[in-house]
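K.L.:
The structure that follows is given in the form of structure tokens.
Derivation of every value follows stated rules applied to the coordinates shown; laboratory data play no part. As the structure is a prediction and not an experimental result, all values here were calculated from the model. All Cβ positions, even for glycine, are placed from backbone atoms using ideal geometry, and neighbour counts span all protein chains on display.
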Amino acid sequence: MTILVTGGAGFIGSNFVYMLLEERPDSKTICVDELTYAANIHTLNDAMSYDNFVFYKEDIRNREGINEIFGKEHPDVVVNFAAESHVDRSIENPAIFLETNIIGTAVLMDACRKYGIERFHQVSTDEVYGDLPLDRPDLFFREDTPIHTSSPYSTSKASADLLAVAYHRTYGLPVTISRCSNNYGPFQFPEKLIPLMINNAINDKPLPVYGEGMNVRDWLYVKDHCYGILAVLEKGKAGEVYNLGGHNEKANIEVVRIILSELGKPETLITYVTDRKGHDQRYAIDPSKAMTELGWAPTTMFRDGIKLTIQWYKDHMDWMQECTSGDYLKYYEKMYGNRQ
Ligand code: NAD
Ligand code: TYD
């Protein structure tokens, strides 16, 4: 079995690559990644030593380059993680989100049609369902919840989902889609809430909480997400969507307080800053379909996962420094410099 993973030098893709190398040693894992700002090639240092791992630096928008890789490797399964993934960046510059997340997905699916595959899996997000009100804790996203997006990011992901469903119906491409809640864990780029707050707290820098910090996210440890995708690949049905999440809702301010407490840092570091435009209130996944039909369930509780995550960043400050030098400083100044 040859499994082609796009975006494998990013956060979730790299965790997925390591899971495959460990759990499916008889498979060949091909990683295709353009290495944008969000990737750190050192993330794949350990993977590079495996004989059954191959890395290609390629842009999923580049039809010729992608076809060449498919022609050479003939993957049986394609898992598409490659994306522009940060909501705040999509508000600043939507165009690249449309190009990578929509056109890039189409290029990959065209290659799948041309060369033939057993499965194309689109890694999607619960953000395609829009948000839920804070005062209705009884509501959850189900697979049949209407798509109703808020940000250019979520809209580009929803567009890719629709395209994937269309390729299944029109061309019979064996497509599956998973929609997961917010992930946390090793190798997450420090523009996202948890690693950004960990990094700032370690360095005694202010922790910029948007608005009043009451927005709710449903957190899933990244390894649980990876096992969920594996379950979809091996037990899921083509043409189906599966929600992945672990019923772990927390207000942002709660998460920030937990990080400060774990690191023994004072709450005076918390700084409330101007809210995100169009900020989604609450995400909450109903994962019962994946649990019933695939036998999947998360195994890492947040109280354990957040400790593992903080420890990982403390042990990998060199990795963090590689991510936060150069362009990151400009990004940080642009996004947070005048945000009081
Ligand atoms: P990430 O930003 O950490 O990584 C994205 C990876 O894609 C990077 O390695 C980058 O170099 C690569 N990439 C970007 N554009 C590319 C292109 N044109 N060609 C080839 N490679 C390209 O993202 P992530 O957090 O690991 O998310 C992975 C996927 O999971 C995304 O599709 C995202 O929408 C989805 N998702 C993420 C979360 C989350 O909490 N992070 C939750 C649900 C779903
Ligand atoms: P983020 O990690 O960007 O994920 P998403 O927007 O895709 O859910 O943000 C998680 C939550 O944290 C979201 O409600 C925005 C908030 N947030 C802050 O309050 N401050 C920050 O500096 C960042 C990056 C996010």
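K.L.:
Answer yes or no: is there a residue in the stretch 45-58 that is closer than 30 Å to residue 172 by Cβ and without any contact (Cβ under 8 Å) to a residue 12 or more places away in the chain.
P.N.:
Among the residues of the stretch 45-58, not one is closer than 30 Å to residue 172 by Cβ and without any contact (Cβ under 8 Å) to a residue 12 or more places away in the chain, which makes the answer no.
K.L.:
Kindly indicate the residue of the stretch 252-269 that is within 10 Å of ligand 2 (Cβ to nearest atom) and in contact with a Leu (Cβ under 9 Å, 6 or more places away or on another chain) and also nearest to residue 144 (Cα to Cα) among those meeting that condition.
P.N.:
Initial filter on the stretch 252-269 (within 10 Å of ligand 2 (Cβ to nearest atom)): 252-253, 255-256.
Cutting the leftovers down to in contact with a Leu (Cβ under 9 Å, 6 or more places away or on another chain) gives us 252, 255-256.
Values: 252: 27, 255: 29, 256: 32 Å.
Filtering the stretch 252-269 for residues that are within 10 Å of ligand 2 (Cβ to nearest atom) and in contact with a Leu (Cβ under 9 Å, 6 or more places away or on another chain), the one nearest to residue 144 (Cα to Cα) comes out as 252.
K.L.:
Then there is this: Between 139, 108, 134, 173, which is buried (at least 19 other Cβ atoms within 10 Å of the Cβ) and outside any helix (DSSP H, G or I)? Show your work before the answer.
P.N.:
Working: 139 fails: buried (at least 19 other Cβ atoms within 10 Å of the Cβ); 108 fails: outside any helix (DSSP H, G or I); 134 fails: buried (at least 19 other Cβ atoms within 10 Å of the Cβ).
None of the other options fit; the residue is 173.
K.L.:
Need at least 1 residues that are of a type in the set (Lys, Arg) and in contact (Cβ under 8 Å) with a residue 60 or more places away in the chain per element, so show me which helices (runs of 4 or more DSSP H) inside the stretch 221-330 make the cut, counting only ones lying wholly within it. Let's see the steps before the verdict.
P.N.:
Details: elements: 222-235, 252-263, 288-294, 302-315, 317-324.
Passing ranges, in order: 222-235, 288-294, 302-315.
K.L.:
Name, by its number, the condition in (1) more than 16 Å from ligand 2 (Cβ to nearest atom); (2) in contact with a helix residue (DSSP H, G or I) (Cβ under 9 Å, 6 or more places away or on another chain) that does not hold for residue 101.
P.N.:
Looking at each condition in turn, residue 101 falls short on (1).
K.L.:
Return a yes/no flag: does the stretch 151-169 have any residue that is closer than 30 Å to residue 332 by Cβ, small (Gly, Ala, Ser), within 16 Å of ligand 2 (Cβ to nearest atom) and assigned to a loop (DSSP other than H, G, I, E, B).
P.N.:
yes
K.L.:
If you take the residues in the stretch 176-209 that are in a loop (DSSP other than H, G, I, E, B) and more than 8 Å from ligand 1 (Cβ to nearest atom), which one is nearest to residue 288 (Cα to Cα)?
P.N.:
Initial filter on the stretch 176-209 (in a loop (DSSP other than H, G, I, E, B)): 181, 185-192, 203-206.
Remaining after also requiring more than 8 Å from ligand 1 (Cβ to nearest atom): 185-186, 190-191, 203-206.
On the way: 185: 23, 186: 26, 190: 31, 191: 31, 203: 40, 204: 41, 205: 40, 206: 39 Å.
Step by step, filter the stretch 176-209, then rank; the result is 185.
K.L.:
Just the residues that are charged (D, E, K, R) and away from ligand 1 (no atom under 14 Å from the Cβ), please, taken from the stretch 69-89. Lay out the reasoning, then the answer.
P.N.:
Quick first cut of the stretch 69-89, residues charged (D, E, K, R) only: 72-73, 76, 84, 88-89.
Listed by number, the residues that qualify are 72, 73, 76.
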